[in-house]
Amino acid sequence: MSEFIIKLPVRWGDMDAFNHVSNVVYLRYIEDCRGQWMQSVPSRWQQADTGPVVANININYRRPLYWPETLEVTLVPDPPGRSSIRLLHEIRSAEPDSSGEKTVYADASSTLVWIDKKTGEAVPLPGVIRELGAEG
């Protein structure tokens, strides 16, 4: 799968007492991207007795982010495991700077594990999710 991209505005309320975007807001940006990616998956996996849970998130904060700014938040799936898939993310400016580069504010990875909603036990990934990861 190619890179999945959403655009998000930095909101005034995203800033913390130091007048830069709070570190917890980066998690929301990644969550928004992951949610839109999952909604784009062409299947009915959402109605099943199994579903994804976030098992791990790792964020590397590269530089402070300030309001106003428009962001691109990206997602690229890694090759899947039996019951999990790792998603790679980047949070960057939507517009290039004077050198023609887009500023990278953070990069991250998140791991989703598919579970049985009743038992909480790990189960194999749905085929459609496995195929998207295999394309990455």
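What follows draws every value from the coordinates through simple rules; no lab data is involved. Everything numeric here is computed off the predicted structure, so don't read it as measured data. Quick reminder, even Gly has a Cβ in these numbers, built from the backbone with ideal geometry, and neighbours come from all protein chains shown.
Before moving on, here are some points about what is shown:
- Per-peptide average of other Cβ atoms within 10 Å, ordering 57-63, 87-93 highest first: 87-93, 57-63
- DSSP-loop GluC sites (Glu not before Pro) across region 2-81, with at most 15 other Cβ within 10 angstrom: 3
- Percent RCO, i.e. relative contact order, over region 46-136, from Cα pairs under 8 Å lying at least 6 residues apart: 36
- Label assignment, percent of Cα pairs over 25 Å apart derived from the structure, set (1) 16; (2) 31; (3) 51: (2)
- Residue 94 versus residue 49: modelled label distance in nm, points set 7 Å from Cα along the beta carbon direction: 4.3
- Point-to-point label distance, residue 57-residue 40, nm (Cα→Cβ direction, 7 Å offset): 1.9
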